[in-house]
Amino acid sequence: GAVVSQHPSRVICKSGTSVKIECRSLDFQATTMFWYRQFPKQSLMLMATSNEGSKATYEQGVEKDKFLINHASLTLSTLTVTSAHPEDSSFYICSVGSGNTIYFGEGSWLTVV
Amino acid sequence: SQQGEEDPQALSIQEGENATMNCSYKTSINNLQWYRQNSGRGLVHLILIRSNEREKHSGRLRVTLDTSKKSSSLLITASRAADTASYFCATDGRGSGGSNYKLTFGKGTLLTVNP
C-alpha cells in the first residue's frame, strides 16, 4: 500500500482562489518532507523543504508568500497555492525519506481556470 | 538547484530492441537514482546506484555510473510497449545541501516503444 498519500489527486480552481494540497506520511513520522512541481512535459523541480515545527526552506525563485507550506505534525505537510493563476497549473508531488528510501506521493494535478 | 541533463530527450524504438538513456550531473553525489513516470502519473522508483558503485542490474535494467565524468546510463533490454514512459535520473548529496532525501532531477527522456 501507499506509504505517502497526497490529496486531492486532481483539482480545478478558479483564478484568484487558493488551493490546499495535503501530503501525508502513512507509515512513519517525517520531520522533513519535500515539495516538487512539474510543468507539462518538463522535469521535476524542487520547490521547498517542509520542516516539522518550523518554517519551510524555499528554493531560489519560489515565492514563499504564494506557496504556503505548513508542517504542523510529523505526518502531514500541506502546500497552499494562494491567489492561484493559470500559470500555476502544474503537477505537484511530495516526497518523504526514511532509511535508505525516498517515497513519493501520487501527485496532485492543479488546473487553474 | 542545478539540473542534470538527459539524452536523448526523446527515444523511439521497436519492441524487443534495447533502449539506452544517459544522464549527466554537475555536483558530487551520494547516490543516483532512476525513476519512471507514465504520462500524467506519479514516479516509480527503478534503481539506486551509490557513488562507490559502477554498475547495477535489476531485471531488464542495467545502470552504470561514472563519477569521474559525472554521468550515468540506464539500459532497458528487450523493451516492451509497456516500457513507454518518461525516465528521469535524480541525484542527491552535496548538490542537494547534503541531504540524501532532497533530489535534483534530470530533464528526462521520453521513451516510446512501438509494438
* Asked: Going through the stretch A:38-61 one residue at a time, which ones are more than 11 Å from chain B (Cβ to nearest Cβ) and either on the phi > 0 side of the Ramachandran plot or not small (Gly, Ala, Ser) (or both)?
  -> A:PHE39, A:ASN51, A:GLU52, A:GLY53, A:LYS55, A:TYR58
* Structure fact -> Of the conditions (1) open to solvent by 30 Å² or more (accessible area, probe 1.4 Å); (2) closer than 28 Å to B:SER51 by Cα; (3) among the aromatic types (Phe, Trp, Tyr); (4) touching a residue at least 60 places away in the same chain (Cβ under 8 Å), the single one that A:PHE34 does not satisfy is (1)
* Asked: Which fully enclosed strands (runs of 3 or more DSSP E) of the stretch A:1-55 have 2 or more residues being within 22 Å of A:SER73 (Cα to Cα)?
  -> A:4-7, A:19-25, A:32-38, A:44-51
* Structure fact -> Note on the stretch B:50-61: residues within 18 Å of A:THR101 (Cβ to Cβ), basic (Lys, Arg) and more than 12 Å from chain A (Cβ to nearest Cβ) are B:LYS56
* To do: Could you grab the pairs with beta carbons closer than 7 Å, sequence gap of 6+ or different chains, first residue in the stretch B:71-94 and farther than 15 Å from A:LEU46 by Cβ, second one open to solvent by 30 Å² or more (accessible area, probe 1.4 Å) and acidic (Asp, Glu)?
  => B:SER79/B:GLU15; B:SER79/B:GLU17; B:ARG80/B:GLU15; B:ALA81/B:GLU15
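Taking the stretch A:71-85, which residues are hydrophobic (A, V, I, L, M, F, W, C) and open to solvent by 30 Å² or more (accessible area, probe 1.4 Å)? Full working, then the answer.
We begin by selecting, within the stretch A:71-85, every residue hydrophobic (A, V, I, L, M, F, W, C); these are A:72, A:74, A:76, A:79, A:81, A:84.
Across the stretch A:71-85, the qualifying residues are A:ALA72, A:LEU74, A:LEU76.
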* When the residues of the stretch A:85-113 are filtered to those that are aliphatic (A, V, I, L, M) and farther than 12 Å from B:LEU103 by Cα, which remaining residue is nearest to the other protein chains (Cβ to nearest Cβ)? -> A:ILE93
* To do: Would you confirm whether any residue within the stretch A:42-59 is open to solvent by 10 Å² or more (accessible area, probe 1.4 Å), touching a residue at least 24 places away in the same chain (Cβ under 8 Å) and closer than 30 Å to B:GLN9 by Cα?
  => no
* Tell me, yes or no, whether the stretch A:60-70 has at least one residue that is open to solvent by 40 Å² or more (accessible area, probe 1.4 Å), out of contact with any Asp or Glu (no Cβ under 7 Å at 6 or more places or on another chain) and in a strand (DSSP E or B). => yes
* Asked: Hey, any hits in the stretch A:97-110 for a residue that's modelled with pLDDT of 95 or more, of a type in the set (Phe, Trp, Tyr), open to solvent by 40 Å² or more (accessible area, probe 1.4 Å) and within 23 Å of B:ARG36 (Cβ to Cβ)?
  -> yes
* Enumeration of residues in the stretch B:18-49 that are at pLDDT 95 or above, more than 24 Å from A:ILE93 (Cβ to Cβ) and either surrounded by fewer than 14 Cβ atoms within 10 Å (Cβ to Cβ) or within 14 Å of another protein chain (Cβ to nearest Cβ) (or both) -> B:ASN18
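Kindly evaluate B:ALA10 against the criterion of being of a type in the set (A, V, I, L, M) and either more than 27 Å from A:SER108 (Cα to Cα) or at pLDDT below 90 (or both). Lay out the reasoning, then the answer.
Details: of a type in the set (A, V, I, L, M): yes; either more than 27 Å from A:SER108 (Cα to Cα) or at pLDDT below 90 (or both): no.
It is false that B:ALA10 is of a type in the set (A, V, I, L, M) and either more than 27 Å from A:SER108 (Cα to Cα) or at pLDDT below 90 (or both).
The values are calculated or read from the model by the stated rules, or taken from the named source; none is laboratory data. Computed from a prediction, not measured in an experiment: that's the story for all the values here. Counting neighbours? That spans all protein chains shown, and the Cβs are built from the backbone with ideal geometry, glycine included. What goes into the accessible areas is simple: the full protein's heavy atoms, side chains included, and nothing from ligands, DNA or RNA. Shrake-Rupley method; radii C 1.70, N 1.55, O 1.52, S 1.80 Å.
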